[in-house]
Amino acid sequence: MSQHNTGHEHASGESHGSLKSYVIGFIFSIVLTIIPLVIVMNGLLNKTQTVITIMIMAVLQLIVQLFFFMHIREGEKPRWNVMTLIVGIIIVLTIVGGSIWIMSFNSTVQ
Amino acid sequence: MWENIKDFASTFFVTGDPLIYGADVSIALTSIAIVFVLTYFKKWTWLWREWITTVDHKRIGIMYLIASLLMLFRGGVDALLMRTQLALPNMKFLQADHYNAVFTTHGTIMILFMAMPMMFALFNLVVPLQLGARDVAYPFLNSLSFWLFLMGAMLFNLSFVIGGSPDAGWLSYPPLSELSHSPGVGENFYIWGIQISGIGSLATGINFLVTILKMRAPGMKMMKMPLFSWSVLSSSIIIIFAFPILTVTLALLFLDRFLGAHFFTMDLGGNPMMYVNLIWMWGHPEVYIVVLPAFGIFSEVVATFSKKKIFGYNSMVFSMMLISIVSFFTWAHHFFTMGASANVNVFFAISTMVIGIPTGVKIFNWLFTMFRGRITITQPMLWTLGFIPCFAVGGATGVMLAVAPADYQYHNSYFLIAHFHQVLIGGVVFGYLAGIYYWWPKVFGFKLNDRLGKWAFWLWNIGFYVCFMPQYALGFMGMTRRLYTYGSDTGWDLGWAPLNLISTVGAFLMGLGFIFQVWQISYSIRKGERDLTGDPWGGRTLEWSIPSPAPMYNFAVEPQVTTDDAWWKVKEDRAKGIKPAPVKYEPIHMPKNSAIPFVMSVCWFIAGFGFVFDWMWMAIPGLIGVAICLLARSFSYDTDYYIPVDEIERTEAALRGRTV
């Protein structure tokens, strides 16, 4: 019975991080969004530098989301969230790597 | 003033085609009829309380089912329109642009608004019952998913009477779908219809993943779980990883159209090929999303009607999980001809052939399950038996298409059309229909008439081959897809016309099959054989252990599971004379109904409609409404209640009294 209702009870009762961690996460994610925006809008860096900066910010953003909002460290065994994360990383690498590989014909065409 | 209104109306409403006017009239009449019936029988509050605000997975499943059957009708009418246009050379039945709109909506509706909701219907109707659970993990989210899907579907369907249908193909490839080539609102309808329902699909994937991982009855280890639930798990995993790709891709296309970005345009650094690459990263896993649950259904049906345990349970589980991972590594086979390097094509050709292996394993497992079983040919079994040869041929032609050099010949020909219809109709539609016939008595408490069902099956099955076998030949003869007409020279001299005519006859046979099914349902509602036992087929899994239709809380007492095929074990124990443990009821914790999912989805609809027409005065209030609904839900704490023991006792006594 009790195990069955976890889905409903979690919503109100148990704590999922403090207000402080949420605020910190929120500030981080805003800052990480503003940095690339400012760089692109003002043309502060050259093209390669801009692309690399945006990518770094994106990865940091992902980490912030996972730790401050997705609570990747919490949860009981079995560690479904870690398993899902591993599959997710594989898929993301496939998407990015696969796209670069497939679309690289474009550079030879142009 | 009057001129302005007339001007607005002539662009706002689709005009000029008598077919559209006919549709306008029938939509108006149907709406009036529905409003009249609801008002006359004073059913508005009933509709609101029992259906619109419900969070009960069984009711949500029924609503998904109704919606998907309606969409099957619409997509089917689209198909028949196309086949009529192609029946003979130089047909003047549809205009070229109308034909483009029809094949676009046919594809989009059949995959996203027919197959997906029919699949979610089966998820909802079956999974919690199979797991011995009282509801899904997130009942509120479940309701929200349904209403988002429905609003997205309605938005998409609206396009053919208001504003104009999308007509850039079912995947809406740029540059054709960009503003430069499709300046109308049709593509906006496409984007927003799919985006809104896509949120719902993603949420359903998450919901069922958590339900399966967390809500199984005590003792039901993962490897004791029924195979349909396993198939839902693998399908949900793909949904979770594939749908975000679709959302992002369409969002980028929207930015192109709405804000003048250049992700996929022809100029200023845009690259339309990137869209093709991205959309198929969703598109290919999507076909496995819809076909895996069909595999699960066949596994249940074959085991039940062969009176045997499924052959090779472990290999079934393993092959499904393998499919769900490998399905992410095959997407480029949809565009072998794009001109990527030979290495790319080789990789994706091989991965495509590899994914055929676990599928083949499953086919053999079903055959071995039937081998020396005591087979009864019921309707679900009939569809399963129809599926096996059909899917085997479809799979074989799929492997032919996977050969990259040969694909340069098949690409975008009718050979491809015949192939994917064979796996989608033969696999997905036959599978879901088998599932619907199988679980129908559990959901509604009566069986569907056998005689009419057999007519429907044979019409569908024969119609299918008559329709699509000629299309393989047409593909070899050089007929390409999306062709709206052909001359009498190609028609008669090259022999396209006779084959097209035969194909059209087949399509209408399937249409007739659908009419038989409508007849079958309406006949069986009145006269179908009632299911008083709760276990009409001699089932093996937990859903058959409770009365049909299931009471609101599903299981009065939580089932204790010790083996796979849990209900079969209980029945065996009873036959041996082992008494079940005495029943002791406890109060049951249930979620409360909520209007927020419906209201929020309506707000999404308003926002979507505003974005379609670029009306910010409408889109922004819609989005504000969505935000208010999110806040309202976040701050509502009174979301659950307990069903007291005496109420359970009364319900059970009434149900079981009927049962015994």
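Could you list all residues from region B:618-644 that are of a type in the set (S, T, N, Q) and touching a residue at least 60 places away in the same chain (Cβ under 8 Å)?
Of region B:618-644, the ones of a type in the set (S, T, N, Q) are B:634, B:636, B:639.
Once the filter is applied, which keeps residues that are of a type in the set (S, T, N, Q) and touching a residue at least 60 places away in the same chain (Cβ under 8 Å), region B:618-644 yields only B:Thr639.
Which of (1) surrounded by fewer than 19 Cβ atoms within 10 Å (Cβ to Cβ); (2) closer than 22 Å to B:Gly534 by Cβ; (3) not aliphatic (A, V, I, L, M) does B:Asp564 not meet, given it meets every other one?
For B:Asp564, the failing item is (1).
Inside region B:407-442, can you point out the residues that are touching a residue at least 60 places away in the same chain (Cβ under 8 Å) and of a type in the set (Gly, Ala, Ser)?
B:Ser413, B:Gly427, B:Gly431, B:Ala434, B:Gly435
I'd like the full set of residues that are within 14 Å of chain A (Cβ to nearest Cβ), outside any helix (DSSP H, G or I) and exposed (fewer than 14 other Cβ atoms within 10 Å of the Cβ), limited to region B:631-645.
Once the filter is applied, which keeps residues that are within 14 Å of chain A (Cβ to nearest Cβ), outside any helix (DSSP H, G or I) and exposed (fewer than 14 other Cβ atoms within 10 Å of the Cβ), region B:631-645 yields B:Phe635, B:Tyr637, B:Asp638, B:Tyr641, B:Tyr642.
Answer yes if at least one residue in region B:217-233 is part of a helix (DSSP H, G or I), under 21 Å from the mean Cα position of the chain (by Cα), away from every other protein chain (no Cβ under 14 Å) and of a type in the set (Gly, Ala, Ser), and no otherwise. Give the steps one after another, and end with the answer.
The initial filter retains those residues of region B:217-233 that are part of a helix (DSSP H, G or I), namely B:222-224, B:227-233.
Narrowing the set further to residues that are under 21 Å from the mean Cα position of the chain (by Cα) leaves B:227-233.
After this cut, where a residue has to be away from every other protein chain (no Cβ under 14 Å) as well, the list is B:227-232.
When the remaining residues are screened for being of a type in the set (Gly, Ala, Ser), the result is B:229, B:231.
Yes, region B:217-233 contains a residue that is part of a helix (DSSP H, G or I), under 21 Å from the mean Cα position of the chain (by Cα), away from every other protein chain (no Cβ under 14 Å) and of a type in the set (Gly, Ala, Ser).
Taking region B:493-509, which residues are under 24 Å from the mean Cα position of the chain (by Cα) and open to solvent by 20 Å² or more (accessible area, probe 1.4 Å)?
Restricting attention to region B:493-509, the residues satisfying the condition of being under 24 Å from the mean Cα position of the chain (by Cα) are B:506-509.
B:Phe508, B:Leu509, listed by residue number.
If I filter region A:96-106 for residues that are in a helix (DSSP H, G or I), at pLDDT below 80, open to solvent by less than 90 Å² (accessible area, probe 1.4 Å) and within 14 Å of another protein chain (Cβ to nearest Cβ), do I get at least one hit? It would help to see each step written out before you state the result.
From region A:96-106, those in a helix (DSSP H, G or I) are A:96-103, A:105-106; that's our starting set.
Filter once more, so that each one left must be at pLDDT below 80: A:105-106.
Still in the list and also open to solvent by less than 90 Å² (accessible area, probe 1.4 Å): A:105-106.
Within this subset, residues satisfying the condition of being within 14 Å of another protein chain (Cβ to nearest Cβ) are A:105-106.
Yes, region A:96-106 contains a residue that is in a helix (DSSP H, G or I), at pLDDT below 80, open to solvent by less than 90 Å² (accessible area, probe 1.4 Å) and within 14 Å of another protein chain (Cβ to nearest Cβ).
State yes or no: is A:Thr50 away from every other protein chain (no Cβ under 11 Å) and either modelled with pLDDT of 90 or more or over 30 Å from B:Val326 (Cα atoms) (or both)? Spell out how you get there, then give the answer.
On the way: away from every other protein chain (no Cβ under 11 Å): yes; either modelled with pLDDT of 90 or more or over 30 Å from B:Val326 (Cα atoms) (or both): yes.
Yes: the conditions hold for A:Thr50.
Does at least one position in region B:206-214 carry a residue that is closer than 23 Å to B:Ser299 by Cα, without any contact (Cβ under 8 Å) to a residue 60 or more places away in the chain, open to solvent by less than 10 Å² (accessible area, probe 1.4 Å) and within 13 Å of chain A (Cβ to nearest Cβ)?
Checked region B:206-214: no residue is closer than 23 Å to B:Ser299 by Cα, without any contact (Cβ under 8 Å) to a residue 60 or more places away in the chain, open to solvent by less than 10 Å² (accessible area, probe 1.4 Å) and within 13 Å of chain A (Cβ to nearest Cβ).
Please go through region B:574-600 and give me each residue that is within 18 Å of B:Pro559 (Cβ to Cβ) and of a type in the set (Phe, Trp, Tyr), ordered by number.
Passing the criteria: only B:Tyr585.
Hey, B:Thr304 hits all of (1) open to solvent by less than 10 Å² (accessible area, probe 1.4 Å); (2) within 14 Å of chain A (Cβ to nearest Cβ) but one; which does it fall short on?
Result: B:Thr304 fails condition (2) only.
Restricted to region B:307-322, and to residues that are closer than 30 Å to A:Gly97 by Cα and more than 14 Å from chain A (Cβ to nearest Cβ), which residue is farthest from the chain's Cα centre (by Cα)?
Within region B:307-322, the subset closer than 30 Å to A:Gly97 by Cα is B:317-322.
Next, from what is left, pick out any that are more than 14 Å from chain A (Cβ to nearest Cβ): B:317-320.
Details: B:Val317: 22, B:Phe318: 24, B:Ser319: 22, B:Met320: 19 Å.
Among residues in region B:307-322 that are closer than 30 Å to A:Gly97 by Cα and more than 14 Å from chain A (Cβ to nearest Cβ), the one farthest from the chain's Cα centre (by Cα) is B:Phe318.
Counting only residues that are surrounded by 21 or more Cβ atoms within 10 Å (Cβ to Cβ) and in a helix (DSSP H, G or I), which one in region B:525-549 is nearest to the chain's Cα centre (by Cα)?
By that ranking, first place goes to B:Glu543.
What residue, among those in region B:122-143 that are open to solvent by 20 Å² or more (accessible area, probe 1.4 Å) and part of a helix (DSSP H, G or I), is nearest to B:Gly16 (Cα to Cα)?
It comes out as B:Leu141.
Say whether the condition of being within 11 Å of chain A (Cβ to nearest Cβ), surrounded by fewer than 24 Cβ atoms within 10 Å (Cβ to Cβ), within 30 Å of B:Trp439 (Cβ to Cβ) and not aliphatic (A, V, I, L, M) is met by at least one residue in region B:234-253.
No, region B:234-253 contains no residue that is within 11 Å of chain A (Cβ to nearest Cβ), surrounded by fewer than 24 Cβ atoms within 10 Å (Cβ to Cβ), within 30 Å of B:Trp439 (Cβ to Cβ) and not aliphatic (A, V, I, L, M).
Criterion first (within 14 Å of another protein chain (Cβ to nearest Cβ) and either within 26 Å of B:Pro547 (Cα to Cα) or among the β-branched types (Val, Ile, Thr) (or both)) does B:Ile648 satisfy it? Please lay out each step first, then the result.
Working: within 14 Å of another protein chain (Cβ to nearest Cβ): yes; either within 26 Å of B:Pro547 (Cα to Cα) or among the β-branched types (Val, Ile, Thr) (or both): yes.
For B:Ile648, the condition - within 14 Å of another protein chain (Cβ to nearest Cβ) and either within 26 Å of B:Pro547 (Cα to Cα) or among the β-branched types (Val, Ile, Thr) (or both) - is met.
Report the residue count in region B:457-488 for those that are under 24 Å from B:Phe430 (Cα atoms) and among the hydroxyl-bearing types (Ser, Thr, Tyr).
Selection size over region B:457-488: 2.
Please go through region B:267-293 and give me each residue that is more than 13 Å from chain A (Cβ to nearest Cβ) and under 23 Å from B:Ser180 (Cβ atoms), ordered by number. Even if it seems obvious, please write down each step before you answer.
Kept after step one, since they are more than 13 Å from chain A (Cβ to nearest Cβ), are these residues of region B:267-293: B:267-268, B:283, B:286-293.
Those that are more than 13 Å from chain A (Cβ to nearest Cβ) and under 23 Å from B:Ser180 (Cβ atoms): B:Asp267, B:Leu268.
If you check B:Gly506, B:Gly528, B:Gly577, B:Gly534, which single one turns out to be in contact with a Gly (Cβ under 7 Å, 6 or more places away or on another chain), more than 14 Å from chain A (Cβ to nearest Cβ) and not charged (D, E, K, R)? Walk me through it before giving the result.
Numbers: B:Gly528 fails: in contact with a Gly (Cβ under 7 Å, 6 or more places away or on another chain); B:Gly577 fails: in contact with a Gly (Cβ under 7 Å, 6 or more places away or on another chain); B:Gly534 fails: in contact with a Gly (Cβ under 7 Å, 6 or more places away or on another chain).
Of B:Gly506, B:Gly528, B:Gly577, B:Gly534, the one residue that is in contact with a Gly (Cβ under 7 Å, 6 or more places away or on another chain), more than 14 Å from chain A (Cβ to nearest Cβ) and not charged (D, E, K, R) is B:Gly506.
Matching residues to (1) more than 30 Å from the chain's Cα centre (by Cα); (2) more than 13 Å from every other protein chain (Cβ to nearest Cβ):
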{"site": "B:Lys571", "(1), (2)": "yes, yes"}
{"site": "B:Ile588", "(1), (2)": "yes, no"}
{"site": "B:Gly608", "(1), (2)": "no, yes"}
{"site": "B:Ala654", "(1), (2)": "yes, yes"}
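The values are calculated or read from the model by the stated rules, or taken from the named source; none is laboratory data. Please read all numbers here as calculations on a predicted model, not as lab measurements. Positions of Cβ are backbone-derived with ideal geometry, glycine not excepted, and every protein chain shown enters the neighbour counts. In case anyone asks, the SASA skips ligands and DNA or RNA and just uses the protein heavy atoms, side chains included. Shrake-Rupley method; radii C 1.70, N 1.55, O 1.52, S 1.80 Å.
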